[in-house]
Amino acid sequence: MSILVEGVWQDELEYLGGDSEGRFQRKESGFRDWIDADPSARFPAQPGRYRLYVSLACPWAHRALIVRRLKGLEAMIPVTVVDPIMGPRSWHFSRERGCEPDPELGSEWLYELYLAADPTFSGVPTVPLLWDCQTRTIVNNESSEIVRIFNSAFDSVGARSEVDLYPESLREAIDAVNALVYDNVNNGVYRAGFATTQAAYEEAYEAVFATLDELERRLGEQRYLCGDSTTEADWRLFTTLIRFDAVYHGHFKCNHRRLIEYPHLWGWTRELYQWPGVAQTVDFDHIKRHYYLSHRQINPTGIVPKGPELTLLAAHGRGDIHGG
C-alpha cells in the first residue's frame with residue numbers, strides 16, 4: 001500500500017513495513033482535536049454538525065460506532081461507511097454492499113478528506129474519522145479519543161447521559177485494562193499477522209494468548225472487565241474478539257485456540273453481541289471481505305472463507321457471575 005508524504009502519494013513506501021526485526025509498528029493518529037460542551041469552543045457539541053466515517057470491517061472504527069449507538073447519538077452524528085476492500089490508496093467510497101458516496105466533498109477516496117483538512121498530510125488515511133461539516137475539516141481520527149468524545153461531549157445536548165463508559169471511580173482500572181488489551185490483543189493480533197520474521201510473529205503470538213488466558217481468568221471472577229458494569233474497556237476488547245475466529249485465528253495465524261474454546265470470554269462476547277443495538281453494528285461480510293481481499297501479501301489467492309459458524313445468539317450465562 002502507498003503512503004502520503006506531505007500530501008503526495010509515495011508508492012514505493014510500505015505501510016505494513018516493520019522495524020529491523022520484522023515487527024509491525026502502528027502509526028500514530030494525526031488529528032487529535034476535541035469536541036467540547038462549551039458553545040464557544042472551536043468544535044462545540046452541536047447536533048448535526050459532525051459526521052463519522054467508518055469501515056464496518058475495522059475494529060478501531062467499530063468501537064466508535066458502538067459507543068455512538070450506546071449513547072444514542074445516531075440522529076446527532078450521521079455515519080458514512082466506506083467500501084470494505086482497501087484499494088491501493090487506502091479506503092474508498094462505493095455504492096456496493098451498503099456503502100454510499102461521500103456526502104461532504106463528493107470524494108472518491110477517503111484520503112481526499114485528509115488532504116482537504118491538511119494539504120501536507122503525511123501518513124495513511126485511516127478510519128474512524130470524525131469530520132466537522134461546518135468548517136470542513138477533521139476533528140479527530142484516533143478511535144480511543146473519539147470514544148471518549150462520544151461518551152461525554154454531547155450529554156448536554158441530548159445524548160444518553162445516564163450511560164457513562166468512563167466513570168471517574170473506575171478510570172484507573174479502565175486505563176490499566178486498556179493498556180494491557182491494546183498492546184497484546186487489539187494490536188497484538190496485527191503484530192502477529194503482519195510480522196515479517198518468525199521471531200517477531202512468535203513474540204506477538206505468545207503475548208496474544210498469554211493475555212487471553214489472563215482475561216479468561218478475570219471474566220471467570222467478575223461479569224465485566226472492570227466489575228459489574230460495562231465500560232469502554234469491554235467494548236474496546238469486544239471489537240477484536242468478535243473478529244477473532246472469523247479472521248484473526250486463521251488469517252493472522254493466531255491459532256493456538258479459537259475464542260469458542262474460552263468459556264468465559266466466549267460467553268462474555270455473546271452477551272455483548274446481544275446488547276441492544278450492538279449486533280446491528282457487526283457485519284461479517286464486510287469483516288471477512290476486508291481482511292481476506294485487502295491483505296494479498298498474506299492471502300494472495302483472495303479466497304474468502306465461508307465459515308466459521310458462530311452461535312452468537314445462544315444463551316451466554318453471564319448473569320450468574322458477579323464480583324470485581
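From (1) within 22 Å of V81 (Cβ to Cβ); (2) surrounded by 15 or more Cβ atoms within 10 Å (Cβ to Cβ), pick out the condition that doesn't hold for T269.
(1)
For V189, indicate whether it is assigned to a helix (DSSP H, G or I), surrounded by 18 or more Cβ atoms within 10 Å (Cβ to Cβ) and touching a Phe, Trp or Tyr at 6+ places or on another chain (Cβ under 9 Å).
In short, yes.
Among the residues of segment 142-186, how many are in a loop (DSSP other than H, G, I, E, B) and acidic (D, E)?
Going through segment 142-186 one residue at a time, the tally reaches 3.
Quick check: anything in segment 127-145 over 30 Å from S2 (Cβ atoms) and touching a residue at least 40 places away in the same chain (Cβ under 8 Å)?
yes
Between residues in segment 209-237 that are loosely packed, with under 15 Cβ neighbours inside 10 Å and hydrophobic (A, V, I, L, M, F, W, C) and residues that are part of a helix (DSSP H, G or I) and modelled with pLDDT of 95 or more, which pairs lie under 9 Å by C-beta distance while being six or more apart or on different chains?
A210/N184
If the requirement is being buried (at least 22 other Cβ atoms within 10 Å of the Cβ), assigned to a helix (DSSP H, G or I), touching a Leu at 6+ places or on another chain (Cβ under 9 Å) and not hydroxyl-bearing (S, T, Y), which of these qualifies: R68, R63?
Exactly one of R68, R63 is buried (at least 22 other Cβ atoms within 10 Å of the Cβ), assigned to a helix (DSSP H, G or I), touching a Leu at 6+ places or on another chain (Cβ under 9 Å) and not hydroxyl-bearing (S, T, Y), namely R68.
For the structure I just gave you, tell me whether T230 is outside any helix (DSSP H, G or I) and within 18 Å of the chain's Cα centre (by Cα).
yes
Look at segment 192-208 and say how many of its residues are surrounded by 21 or more Cβ atoms within 10 Å (Cβ to Cβ) and either of a type in the set (K, R) or farther than 13 Å from N255 by Cα (or both).
Total satisfying the criteria: 2.
Yes/no per residue for (1) farther than 29 Å from G48 by Cβ; (2) aliphatic (A, V, I, L, M); (3) more than 17 Å from the chain's Cα centre (by Cα):
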site	(1), (2), (3)
N151	no, no, no
V163	no, yes, yes
Y166	no, no, yes
V177	yes, yes, no
D183	yes, no, no
A195	yes, yes, yes
Q198	yes, no, yes
A210	yes, yes, yes
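So R257 ticks every box in (1) touching a Leu at 6+ places or on another chain (Cβ under 8 Å); (2) part of a helix (DSSP H, G or I); (3) of a type in the set (D, E, K, R) but one. Which box is left unticked?
The one condition R257 does not meet is (2).
Residues checked against (1) farther than 28 Å from A246 by Cα; (2) touching a Pro at 6+ places or on another chain (Cβ under 7 Å); (3) without any contact (Cβ under 8 Å) to a residue 60 or more places away in the chain:
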site	(1), (2), (3)
D38	yes, yes, yes
R49	yes, no, no
L52	no, yes, no
P59	no, no, no
V67	no, no, no
M76	yes, yes, no
V79	no, no, yes
I85	no, no, no
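Restricting the first residue to segment 153-177 and requiring it to be free of Cβ contacts under 8 Å to residues at least 12 places away in the same chain, which pairs with a second residue that is part of a helix (DSSP H, G or I) meet a Cβ separation below 9 Å and a spacing of at least six or different chains?
S161/S152; S161/D155; D175/A233; A176/A233
Tell me, yes or no, whether segment 135-146 has at least one residue that is farther than 20 Å from R63 by Cα and in contact with a Lys or Arg (Cβ under 8 Å, 6 or more places away or on another chain).
Scanning segment 135-146 turns up no residue that is farther than 20 Å from R63 by Cα and in contact with a Lys or Arg (Cβ under 8 Å, 6 or more places away or on another chain).
Can you tell me how many residues in segment 181-208 are of a type in the set (S, T, Y) and in contact with a strand residue (DSSP E or B) (Cβ under 9 Å, 6 or more places away or on another chain)?
Looking only at that region, the number is 3.
Residue by residue through segment 193-203, note down the ones that are farther than 20 Å from S294 by Cβ and either part of a helix (DSSP H, G or I) or touching a Ser or Thr at 6+ places or on another chain (Cβ under 8 Å) (or both).
Listed by number, the residues that qualify are Q198, A199, A200, E202, E203.
Select from segment 106-132 the residues that are part of a loop (DSSP other than H, G, I, E, B), surrounded by 14 or more Cβ atoms within 10 Å (Cβ to Cβ) and not acidic (D, E) and list them in ascending order.
Matches in segment 106-132: S107, L110, F121, S122, V124, P125, T126, V127, P128.
I'd like the full set of residues that are out of contact with any strand residue (DSSP E or B) (no Cβ under 8 Å at 6 or more places or on another chain), modelled with pLDDT of 95 or more and closer than 24 Å to Q297 by Cβ, limited to segment 52-93.
A57, C58, P59, W60, P84, I85
The values are calculated or read from the model by the stated rules, or taken from the named source; none is laboratory data. Note that the structure is a prediction, hence the values are computed from the model and not measured. Cβ sites come from the backbone with ideal geometry, for glycine too, and all protein chains shown count toward neighbours.
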